[in-house]
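The values are calculated or read from the model by the stated rules, or taken from the named source; none is laboratory data. It should be emphasised that the depicted structure is a prediction, and the values quoted were computed from it without experimental measurement. Methodologically, a virtual Cβ is constructed for each residue, glycine included, from the backbone with ideal geometry; neighbour enumeration extends over all protein chains shown.
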Amino acid sequence: MTRHLLLLVCLLVAGAAGAQQFAQYSLFWLDPVQFNPAYAGLDNSLSVTASYRAQWTGLEGQPSGQRISAHLPVYFLSSGFGIEGERDEIGARTMNRFGASWNYQLVRPTAVWSLGLSARYQQMSLNGSILRATGGQYPEPGVIIHNDDLIPDGTEGAGTFTLALGAYYQAERLEGGVSVLNFNQGTISYPGRDYPLRQQYHAYLRARFDLLRAWDISPMLFAVSDGIQHQLSFGAIARYNENIFAGLAYRGYNKVTSDAIVLMAGLNLSDKISVAYAYDLTLSDLRTVQDGSHEISLKYNLRQRIGAGVPPPVIYNPRTKQ
């Protein structure tokens, strides 16, 4: 891939994500802890989610991401705790993230309020050996002379710590929250250049309505902004017998630019394990040079209390989360 193509792809991916500082997932609603630390423990038991995403398949240097998270409630502390790991790749750039989340939960008879904090170490590397500069010299395989101080001959990496804050509300029919990632606006510093990490704001809202006897529908809204660019997603999930689900969502970068239509489906493989798949049908100009985006997620929930302590005084029966 040429350097110009890499930069073009980075700009196209950026959208609302601040130069792709944070990976984009279509099945975000399966694991809100990835963007809001206040959600940790709100699946009411040990919950582990693993996701893989291949974006814009068929396009050289396409973005791809893998992440795993685990969180659980700590009832005797009225809190939740979680850990996560993520790898996000685009072209020659790789971003690895490792973090831990903690929150305090205020439990009321019909709802839970939560305030959370997370700390992450973000490490970014650039593999200059696969880039080609316009004025570079590459006479034979293995000989790399970029003639450009901004492109390393091999792999170069650096990292920094970041913080995130969030608030979340969960009741029987309605849940949602707000959060800010990269609260301290850290900077990843390379020799001779810096990669600033801007704050990224999230707002999420999801409702649930019963339809007939065995069906329910969950409309949802998700907004992301770095203060300069904004992205809005909205859609709905229909579930049968709290087991099989299918959904549709629209994601747009701003009021004049559309990104994708997201088709989603999934089912419970057992009482503890569920699987979900999403396909993004690209609406932007990139639809002519790629074959859409694929994402799969596997979720495990122990579905039993861990440790001692008095159960939280929530009188409703929390729905089974996918």
Q: Inspect all residues belonging to region 83-102 and state whether any of them is touching a strand residue (DSSP E or B) at 6+ places or on another chain (Cβ under 9 Å), farther than 25 Å from Glu295 by Cβ, outside any strand (DSSP E or B) and in contact (Cβ under 8 Å) with a residue 24 or more places away in the chain.
A: no
**Q.** Residues that are in contact with a Phe, Trp or Tyr (Cβ under 7 Å, 6 or more places away or on another chain) and among the hydrophobic types (A, V, I, L, M, F, W, C), drawn from region 225-263
**A.** Phe234, Ile237, Ala238, Ala249, Ile261, Leu263
Q: Test Gly99 against the stated conditions and say whether it is in contact with an Asp or Glu (Cβ under 6 Å, 6 or more places away or on another chain) and either closer than 27 Å to Gly186 by Cα or buried (at least 17 other Cβ atoms within 10 Å of the Cβ) (or both).
A: yes
**Q.** Filter result (surrounded by 19 or more Cβ atoms within 10 Å (Cβ to Cβ) and touching a helix residue (DSSP H, G or I) at 6+ places or on another chain (Cβ under 6 Å)) within region 158-193
**A.** Ala164, Gly166, Tyr168, Gly177
Q | Odd one out for Thr134, checked against (1) touching a strand residue (DSSP E or B) at 6+ places or on another chain (Cβ under 7 Å); (2) farther than 30 Å from Asp216 by Cβ; (3) of a type in the set (S, T, N, Q) | A | (1)
Q. Of everything in region 248-264 that's aliphatic (A, V, I, L, M) and over 14 Å from Ala276 (Cβ atoms), which residue is surrounded by the most Cβ atoms within 10 Å (Cβ to Cβ)?
A. Ala260
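Results for (1) at pLDDT below 95; (2) in a strand (DSSP E or B); (3) within 15 Å of the chain's Cα centre (by Cα), shown as yes or no for each residue.
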| position | (1), (2), (3) |
| --- | --- |
| Leu12 | yes, no, no |
| Gly18 | yes, no, yes |
| Phe22 | yes, no, yes |
| Asn44 | yes, no, no |
| Thr49 | no, yes, yes |
| Gln62 | yes, no, no |
| Ser69 | no, yes, yes |
| Leu72 | no, yes, no |
Q.
Just the residues that are part of a strand (DSSP E or B), closer than 15 Å to Tyr190 by Cβ and not polar (S, T, N, Q), please, taken from region 135-168.
A. Glu156, Gly157, Ala158, Gly159
Q: Could you tell me which residue of region 202-247 is nearest to Ile273 (Cα to Cα), considering only residues that are of a type in the set (Phe, Trp, Tyr) and surrounded by 18 or more Cβ atoms within 10 Å (Cβ to Cβ)?
A: Phe245
